[in-house]
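The values are calculated or read from the model by the stated rules, or taken from the named source; none is laboratory data. Everything numeric here is computed off the predicted structure, so don't read it as measured data. As a convention, Cβ positions derive from the backbone with ideal geometry for all residues, glycine included, and neighbour counts pool all protein chains shown. What goes into the accessible areas is simple: the full protein's heavy atoms, side chains included, and nothing from ligands, DNA or RNA. Shrake-Rupley method; radii C 1.70, N 1.55, O 1.52, S 1.80 Å.
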Amino acid sequence: MIPSVLPTYSRAPLHFVKGEGTWLIEADGRRFLDMGAGIAVNALGHAHPALVQALTDQAQKLWHVSNLYEIPQQQALADKLVATSFADTVFFTNSGTESCELAVKMARKYWYDKGHPEKTTILAFEGSFHGRSSAGIAAAGSEKMTKGFGPILPGFTHLGWGDHDAMHAAIDDSVGAILIEPVQGEGGIRPLPDQCLKGLRALCDEKGILLILDEVQCGVARTGRLFAHEWAGVTPDIMMVAKGIGGGFPLGAVLATEEAASGMTAGTHGSTYGGNPLACAVGCAVMDIVSTPEFLETVNARAGFLRQKLEGLIAAHPDIFEGVRGLGLMLGIKCRVAPVDVVKAGYECGVITVPAADNVVRLLPPLNISEDEISEAVNRLDFAADAVREAMG
Ligand SMILES: *Cc1c(COP(=O)(O)O)cnc(C)c1O
């Protein structure tokens, strides 16, 4: 008999009932260090006082009004994002996949309005992840995500990660945009080297193509800059955001330049919930904290500390771990064993991590994690590695 919850997830037998900062508390009382943060969502950990305050204050005033009316919290959050990024304008969604939908629509509408309705092709990359909507799975293109769900939305060409020749060969008059994650998340924490992102920007400028960045996982201070592309010193035309921006409240956004957004006039797009007062009140509280230079400096310091600890962990378990990669507090441990075995052993040792493709275990802790918590998490991973070895016999 089918379970009452549609069984699309393979869930761990863990029932968290409370969160406190970097800690998750199980129904049986066990305390886990949360190095997954809801897959980079709980950017400030659980029950952060400023976020709880923003949410409860707003909840007592007004939860929802339609986008038929002005929403001051939405205006405030848009102003903050415009002030701190390349963007001139912002549309609010409720998730990453909705941000993908709009990014794709925006790029196509741009070229349509410019008198180039043929420029519908978007170049995307193998190993990428852009969400589970029809456009999201078509953009990622993997058989795992698309099989059985045809007809797949047309207009995406997929290239190997780092295959420069294939990319140059793929650019013809039908190409309107390039879509890429500056750091692949689901694909196994693969950072795009700065010179590649610079090269992509230059290529887009040369050919007159829009650059769309998916910063749903790597954005919002995760890498130690407010947005990951800042490390390369170039800016996109369109950027997808979600996950961390809401700190745990469902919120996403598409940021764009005035030029790239020029086709999106009244009536061309909309959302019932996107940018509602509750979500935007929380989003403002998140931005006020994570966008300060002091906060970003601390993220970088903690990231350096975690990375150093992980190098030690890897050196102590060369039979289990191969190496660490990533940017800021978006780190991946490449494993010599099945990453799910490490994740499961972590559960037994009281530490939460997240598996990714390419044999990687992901660490995406709250950005305000302390040094002591980092040390304790790595200690627990050390026990987990021993447990994996013992289980192998
Ligand atoms: C999680 C994720 C998405 C999809 O976001 P949802 O909120 O799950 O729809 C899209 N792109 C990237 C890079 C992601 O990590």
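Within the range 65-118, being more than 16 Å from the ligand (Cβ to nearest atom) and of a type in the set (Phe, Trp, Tyr) holds for 69, 86, 110, 111, 112. Restricting attention to the range 136-149, the residues being more than 11 Å from the ligand (Cβ to nearest atom) and under 24 Å from residue 166 (Cβ atoms) number 8. Taking every residue in the range 203-215 that is within 21 Å of residue 245 (Cα to Cα) and in contact (Cβ under 8 Å) with a residue 40 or more places away in the chain and pairing it with any residue that is open to solvent by less than 10 Å² (accessible area, probe 1.4 Å) and more than 11 Å from the ligand (Cβ to nearest atom), at least 6 positions away or on another chain, the pairs with Cβ-Cβ distances below 7 Å are 212/107; 212/177; 212/178; 212/236; 212/238. Within the range 31-55, the set of residues being within 16 Å of the ligand (Cβ to nearest atom) and in contact with a helix residue (DSSP H, G or I) (Cβ under 6 Å, 6 or more places away or on another chain) comprises 40, 41, 43.
For the range 268-283, the set of residues classified as in contact with a helix residue (DSSP H, G or I) (Cβ under 8 Å, 6 or more places away or on another chain) and surrounded by fewer than 21 Cβ atoms within 10 Å (Cβ to Cβ) consists of 268, 269, 271, 273, 277, listed by residue number.
Number of residues in the range 281-333 that are without any contact (Cβ under 8 Å) to a residue 60 or more places away in the chain and assigned to a helix (DSSP H, G or I): the value is 10.
If you check 337, 324, 342, 286 for being outside the structural domain of residue 244 (by TED's automatic domain parsing) and crowded, with 22+ Cβ neighbours inside 10 Å, only one passes: 342.
Being closer than 30 Å to residue 72 by Cβ and of a type in the set (A, V, I, L, M, F, W, C) is a description that does not apply to residue 145.
The residues of the range 48-81 that are touching a residue at least 60 places away in the same chain (Cβ under 8 Å) and β-branched (Val, Ile, Thr), listed by number, are 65, 71. Would you please name the residue that is farthest from residue 40 (Cα to Cα), looking only at residues in the range 344-393 that are of a type in the set (A, V, I, L, M, F, W, C) and free of Cβ contacts under 8 Å to residues at least 40 places away in the same chain? Top of the filtered list is 383. Being outside the structural domain of residue 303 (by TED's automatic domain parsing), hydroxyl-bearing (Ser, Thr, Tyr) and surrounded by fewer than 17 Cβ atoms within 10 Å (Cβ to Cβ) holds for only one residue in 142, 133, and it is 142.
Quick one: would you say residue 58 is touching a helix residue (DSSP H, G or I) at 6+ places or on another chain (Cβ under 9 Å), open to solvent by less than 40 Å² (accessible area, probe 1.4 Å) and polar (S, T, N, Q)? Criteria met by residue 58.
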